[in-house]
Structures are given as C-alpha cells and as structure tokens.
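Before any comments, here is the structure.
The values are calculated or read from the model by the stated rules, or taken from the named source; none is laboratory data. Model, not experiment: these values are computed from the prediction. Cβ sites come from the backbone with ideal geometry, for glycine too, and all protein chains shown count toward neighbours. In case anyone asks, the SASA skips ligands and DNA or RNA and just uses the protein heavy atoms, side chains included. Shrake-Rupley method; radii C 1.70, N 1.55, O 1.52, S 1.80 Å.
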Amino acid sequence: MTDKPYRKNVAVIVLNSKGEILCCERCDIPNAWQLPQGGIEKGESELEAMHRELMEEVGFNDVELVDQLPEKILYDWPLKIRKNKSDDYINSYRGQEQTFFLVRAKEEILKNFVFSPTEEFCNFRWVNREEFFNLIVGFKVEPYKKAIQLFEKRNARIFA
C-alpha cells in the first residue's frame, strides 16, 4: 500500500456571512458529514476543480475566494474503506493529497438557494466550528482540523 501515490484532490471550506461552515451528509454513508471535495481531473487546475466540485456536489459555485493553502494536506484511506470500495481510485491510491480552499458563498446566491440531493450528498447544514468537528467522520477530522488551523493563522478568526 505504501508504494501507491496520493490522489490529487481539492477540498472546499464554504462559509456564509455568519462564518458558519457548509457541512454535507454523504448519501452512501448515513451520518457521515464532510466538506465538498473531489479529485482533480486531467488538464484541470485546482481552482477549476474547486468550482466544478462545488457545482456538482452542492449546486452553486458563485463564491468569493478568501484563501488557498499553499501546502497540501495528506491523509490515508483507512483499511476498512479500501476493503469495502470497488472504486478504481480507492484501489489505485493510498489516500488523498488535498488542496484546501476557503471561500465565502455570496449572499444573493444563498437567499434563493434550495439544496437538492446530489449523487454524493443528501443533506447539508451550516454549522459553527465546534459543531463541524462533532459531525465529521473519523479519518477526515485531522486533515480538516489542520486546514482550519492553517487558515486561522493566515486569516485571523473567520469561523463562527
């Protein structure tokens, strides 16, 4: 397993005007909450991947870019996930190399936004920082925590 590369991926922390974080519940795993995220396609920039993933997973991508972490955050997929998945990317990679973006959803978008379940997410919530970490599935807690800490160092206190 250790000789497998990491899959290049983007993860997006979406804030509303109150500093709350958009947290999405996976359709395939009840009560598994996470950020919008996904792989970078061939020929696609990280920024393009971020916009595409937002549109595919939450239904909007009209956001203000607040920051992008210059460092990548790595995590390995737990053995349990690798054993239960037949996806090619799970079997081809040891985990993910994530580029984190911090964005603010535009208020005019949120006023009329109605969430529709997607292939990946069946529900969403706007939550404060503490609630966010109470919802997240185990192996994603550390990379998400690290990203939020790095953003806070760079941008002061921006989360609710």
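Summary table below
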| read-out | value |
| --- | --- |
| Filtered residues of the range 8-59 (kept if open to solvent by 40 Å² or more (accessible area, probe 1.4 Å), closer than 17 Å to Leu69 by Cα and outside any loop (DSSP other than H, G, I, E, B)) | Lys8, Glu46, Leu47, Glu48, His51 |
| Glu71, sole failed condition from (1) at pLDDT 95 or above; (2) in contact with a Lys or Arg (Cβ under 9 Å, 6 or more places away or on another chain) | (2) |
| Failed criterion for Tyr6 (all others in (1) free of Cβ contacts under 8 Å to residues at least 60 places away in the same chain; (2) over 14 Å from the mean Cα position of the chain (by Cα) hold) | (1) |
| Scan of the range 115-145 for residues that are closer than 15 Å to Glu71 by Cβ and touching a Leu at 6+ places or on another chain (Cβ under 9 Å), ordered by number | Pro143, Tyr144 |
| Residues located in the range 132-160, provided they are among the acidic types (Asp, Glu) and under 16 Å from the mean Cα position of the chain (by Cα) | Glu142 |
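One line per residue, one yes/no per condition, for (1) open to solvent by 60 Å² or more (accessible area, probe 1.4 Å); (2) part of a helix (DSSP H, G or I); (3) hydroxyl-bearing (Ser, Thr, Tyr); (4) at pLDDT below 90:
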residue	(1), (2), (3), (4)
Cys122	no, no, no, no
Glu131	yes, yes, no, no
Asn134	yes, yes, no, no
Val141	no, yes, no, no
Tyr144	no, yes, yes, no
Ala147	no, yes, no, no
Glu152	no, yes, no, no
Ala160	no, no, no, yes
